[in-house]
Structures are given as C-alpha cells and as structure tokens.
1. Residues of the stretch 207-306: accessible area per residue at 1.4 Å, in Å²?
2. How much accessible surface does MET304 have with a 1.4 Å probe, in Å² rounded to 10?
3. Under a 1.4 angstrom probe, counting protein chains only, how are ARG336, ARG246, ARG143 ranked by accessible area, largest first?
4. Taking GluC sites (Glu not before Pro) as candidate sites, keep only those in a DSSP loop with at most 15 other Cβ atoms within 10 Å, then name the longest stretch of the chain containing none of them.
5. Counting other C-beta atoms within 10 Å, and keeping those with at most 12, which DSSP coil trypsin sites (Lys or Arg not before Pro) do you find in the stretch 406-487?
6. For the chain, which whole-number percentage of the solvent-accessible area (1.4 Å probe, protein heavy atoms only) is attributable to carbon and sulfur atoms?
7. To the nearest 20 Debye, how big is the dipole of the chain about its Cα centre, given +1 on the beta carbon of each Lys and Arg and -1 on that of each Asp and Glu?
8. Put a dot 7 Å past each Cα toward the Cβ at ASP19 and ASP216; how far apart are the dots in nm?
Amino acid sequence: MGTDVIFVSPGNAGVIYQDLSKDFSAIEPPTWALLLAESVRAVGFVPEILDVNAEQLSTEAAVERIKKSSARLICFVVYGQNPNSGTVNMGGVINLAKGCKSAGISRPIAAVGSHLSALPREVLKEERVIDIVFCNEGVYALRNLLAADLRDPESWLEIKGIGFRLDEQIHLTPPERVVAQQDMDTDLPGYAWDLLPYRSKPLDLYRSHFWHAGYDHAKRTPFAAIYTSLGCTFRCSFCMINILNRDDNEDIGVAGNYAKMRFWSPEFVVREIGKLVEMGVSTLRISDEMFLLNKRFFVPLCEMLHEQGYGEKLNMWAYSRIDTVRDEEHLRLIKRAGINWLALGIESAERQVRLEATKGRFQDVDIQKTINVIESNGIEVIANYLFGLPGDNHQTMRSTLDFSVELCTAAWNGYAVMALPGSELYYRAREQGYPLPKTYSGYSFFSYDTLPLPTEELSAAEVLEFRDKAFLEYHTNPCFIEKLRRTFGQVAVDNLMSLTQVKLKRKLLENPG
C-alpha cells in the first residue's frame with residue numbers, strides 16, 4: 001500500500017541554537033506530526049514521518065528520503081519545543097522545500113504550523129516553494145485534502161481552511177473548524193509513536209531539556225512530550241500559542257482573538273502515557289500551556305497516574321502560571337503522579353509590567369511564598385523571565401534579575417522579548433513600524449541574528465545584552481551553584497559549568513549601531 005502523506009519535521013538546530021545545539025538544547029519528538037499522522041491514519045490514510053532534526057540529516061539526505069517516499073503529499077509540520085519554533089523552523093522548511101523542487105519532486109508541498117497560521121497570505125506570496133498552507137491546526141483540512149485530487153488545484157477551492165496559488169492568484173478558502181472538545185479523543189486519537197526513527201530503542205534519538213534531567217546528560221534520553229490539552233484561555237500580548245485555533249482570514253492573525261482550551265479525557269492521556277512507559281520512557285514533558293488550570297481535568301488524570309503506579313516511574317514537568325498553583329493538596333497530588341518540575345511564567349518582578357503584558361485574569365501573589373510551598377512539596381521550579389517587556393527599563397530589568405537570584409530556583413530561563421508572528425506584540429510592532437527580523441532565524445532567542453523588540457527607553461541591543469549577561473550572572477551565582485550541588489550532586493555543577501562556557505555570538509551586539 002502506498003503512502004498518502006509524509007510529515008516532515010525540519011532540521012535547523014545549528015542556526016537556531018548555535019553551539020547549544022551540540023550538547024545542551026533539547027531534541028523533542030515532533031508532537032504535531034505524531035498527532036496529525038494518527039489522525040489521518042484513523043480515517044484510512046497511510047502516513048509516514050521524516051524527522052530531519054532527530055536524525056540530523058543533511059539537506060541532500062533529507063531530499064533523497066522524500067524523493068524515495070511514495071507519498072502523494074509532502075507536509076512540513078512547523079512547530080517545536082518553544083513558542084517561537086513555528087517561525088524559526090521555517091528557515092529549515094524553505095531550504096528543504098527548495099531542495100525538493102530542485103530535485104524534480106513535483107508532488108505538492110504543504111506546511112502547517114503557527115507561522116503559517118499567523119501569516120498564510122504572506123507565506124504564499126514570498127515562499128514560492130510552498131504550494132499549500134493550512135490556516136489553523138489543519139486536522140480536518142488535511143483529511144479533506146488527502147481525499148481530493150492532489151493533481152487538480154481547482155478542486156482545492158472546495159476545501160476549507162487552506163491557502164494556495166491558482167493562476168498566480170492567492171486563494172484563502174473559508175476557515176475550517178478546529179477539533180471540538182467532545183471530539184478530541186476520536187478526531188485526534190493519539191500519537192503515531194511507531195513512525196518515529198530510533199537508534200536501538202524507541203525515542204532514543206530524543207533528549208530532554210538539560211535541567212529536566214537534573215543537569216545529567218545520561219538521564220536525558222529516551223524522552224517524549226505529550227499534550228493533555230490544547231490552547232489557553234489567557235491573552236498574553238507576547239504569546240502566539242492560540243493561533244492554532246484561528247477561525248478567520250485576516251492578513252495577520254492575532255492569537256489573543258482565538259483564546260480557548262480543549263482537553264483530552266484523563267483516560268485517553270493515561271493510555272498514551274502507559275504506551276510510553278512500556279517503551280521505556282520515564283522522562284516526559286507535558287506540553288500544555290496551562291496544565292494546572294482546570295482541576296476537572298488535571299485532578300482525575302493525576303489520580304489515575306498515581307493509582308496505576310506511573311508516578312513512581314516518571315520524571316515529568318508541566319507549565320503553570322504563578323497565580324494558579326498555590327493549593328498544597330494539588331501539589332501533593334501532582335508530585336505523586338510523577339510531576340517533579342513546574343515551569344512558572346514569572347516574567348517580571350515589577351507588578352505593573354507583569355500585569356500590562358498578561359491579558360485577562362491575573363491575581364497578584366506572593367511569588368516567594370508560592371515557590372517555597374512548591375519546593376516544600378518536593379517539586380522543583382524552572383522560572384521563566386522576560387526582559388524588554390513594554391514598560392521595561394534598565395532599573396526594572398535589574399529588579400527582575402535581582403529577584404530571580406533571590407528566588408534561587410533550580411532552573412532559570414530568561415528571554416529577550418520577541419515580537420513573535422501571531423502575537424499581539426507582532427501585530428503592534430507592524431502597526432508602529434518597529435524593526436523586525438529579516439530572517440526566520442532572527443526570531444530565535446538564541447540565534448546569531450536574533451532581533452528582540454526595543455522598549456520606550458531601551459534599544460533592542462540593550463535588551464539583548466542585558467539578557468545574555470543575566471544568564472551568566474544567574475548561573476554562576478554561588479547560591480544557585482550550591483543549590484544544584486545539594487539537590488543533584490557535583491555532576492550537575494560540573495555540567496552546568498560546561499554550559500556557561502558556551503558563548504552565543506550576537507550580530508546585534510557586534511554592530512549595535
């Protein structure tokens with residue numbers, strides 16, 4: 001039986017992460033490729049997956065693999081482990097798509113992901129090697145496209161939720177719905193784990209985030225990531241996560257307009273985690289934007305994981321907002337379920353800066369007290385901070401860094417604020433004429449040509465310079481180093497010291513003018 005669609009996860013790690021890609025950045029399974037593959041397989045189509053990133057294939061080798069595939073449709077799945085990944089991975093997509101065209105591959109090339117959803121018309125105008133874009137998560141549009149005549153673009157006009165060129169004109173068809181809450185278990189019925197490449201055992205080509213494994217490289221693989229929900233109910237100006245829920249055809253999509261959450265049933269999630277445990281996976285990321293938000297879903301899920309004994313076998317991490325994670329009973333429950341880390345979006349030490357960036361309900365909390373309660377229940381915290389938020393200046397950024405040092409969490413992320421396509425900040429930057437990256441890699445937090453946003457008082461270069469110095473200051477702080485030694489041992493400290501020796505090159509700081 002021939003293949004209907006090959007889902008391609010592009011590779012571009014060396015550009016996106018520079019030298020961090022060699023040993024320190026995570027290599028995450030292509031979650032959306034797995035979901036879409038299982039979705040089309042459930043209705044009778046035959047998928048395959050090519051993970052260029054995990055196999056570390058050259059462009060030439062990847063093109064040859066695509067050429068040998070019998071798939072009627074080539075579909076690039078452009079998501080990743082960070083919110084900006086849908087944009088930064090576009091560079092790898094375009095490079096590989098050009099290689100396919102040059103090799104004489106005439107099958108349609110499609111792409112799905114956050115950048116495509118945010119700017120579908122712009123992508124079709126500028127990237128001639130992309131034939132079809134999906135304008136949201138693409139579940140139903142993809143099924144309908146595979147059922148159509150892929151050799152007849154005129155027939156594509158009847159398929160909702162896609163964009164393409166016909167007679168040199170760009171067409172965006174009427175929006176397609178996303179999977180409804182009641183259909184999550186049936187229309188997104190799992191992950192096609194069996195289609196992933198591996199070296200000697202399942203998922204051994206993937207590795208967790210460095211801190212997730214207690215800063216021990218030996219514990220980073222095998223590794224997997226799953227969702228228990230999709231989307232988010234909040235409308236933070238810096239975030240573009242909800243762009244996958246898009247239901248209009250405006251030229252620039254703004255994620256905050258499509259805020260919603262949908263959940264798989266706890267029984268469904270436990271079955272998927274059970275499959276991973278059977279494959280030997282213990283290190284697992286829960287990729288939800290807001291895991292600890294709706295107790296109707298996370299409480300029974302964690303209870304079931306504990307009851308089936310998975311909590312003792314797993315080392316998981318999950319996201320939460322700082323104002324949604326104060327119930328000690330819930331903390332004890334998620335710890336028993338195997339969640340050993342919580343990623344918290346603290347963003348800024350300055351209350352007003354934080355409230356300005358975070359749209360929707362946000363309760364002011366005692367952050368230090370909250371973190372103390374989390375840690376007292378045996379759960380470590382990775383704290384996330386943003387430098388260069390609207391309202392930030394040198395004093396407020398310094399305040400945020402000092403506060404993070406005082407909190408002394410077991411892991412720390414600090415990002416220079418980026419106008420990510422699909423976010424309100426991006427829409428506002430376009431309207432106000434702020435300089436934006438001229439390359440896809442320029443949207444990476446770690447790339448050479450990264451270009452964060454300026455603030456009213458700070459240039460982009462000043463924001464970036466502060467962020468990079470803040471990273472080094474935090475990770476060489478004696479309090480933090482001692483906490484790592486006490487919690488994870490000397491091997492963690494030694495590995496951390498190796499990380500601090502990796503110097504990111506920044507074009508903006510070489511030529512700040």
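1. 34
2. 40
3. Working: ARG336 110, ARG246 5, ARG143 35 Å².
Of ARG336, ARG246, ARG143, the descending order of accessible area is ARG336, ARG143, ARG246.
4. My reading of the result: 251-455 is the longest stretch.
5. Values: sites: ARG428, ARG430, LYS438, ARG467, LYS469, LYS483, ARG485, ARG486; in loops: LYS438.
Counting only loop positions with at most 12 other Cβ atoms within 10 Å, the trypsin sites (Lys or Arg not before Pro) in the stretch 406-487 are LYS438.
6. Result for the chain: 47 percent of the exposed heavy-atom area is carbon or sulfur.
7. About 660 debye.
8. 2.7
The values are calculated or read from the model by the stated rules, or taken from the named source; none is laboratory data. Values in this document were obtained by computation on a predicted structure and should not be read as measured data. So basically every Cβ, Gly included, is an ideal-geometry build from the backbone, and we count neighbours across all protein chains shown. In case anyone asks, the SASA skips ligands and DNA or RNA and just uses the protein heavy atoms, side chains included. Shrake-Rupley method; radii C 1.70, N 1.55, O 1.52, S 1.80 Å.
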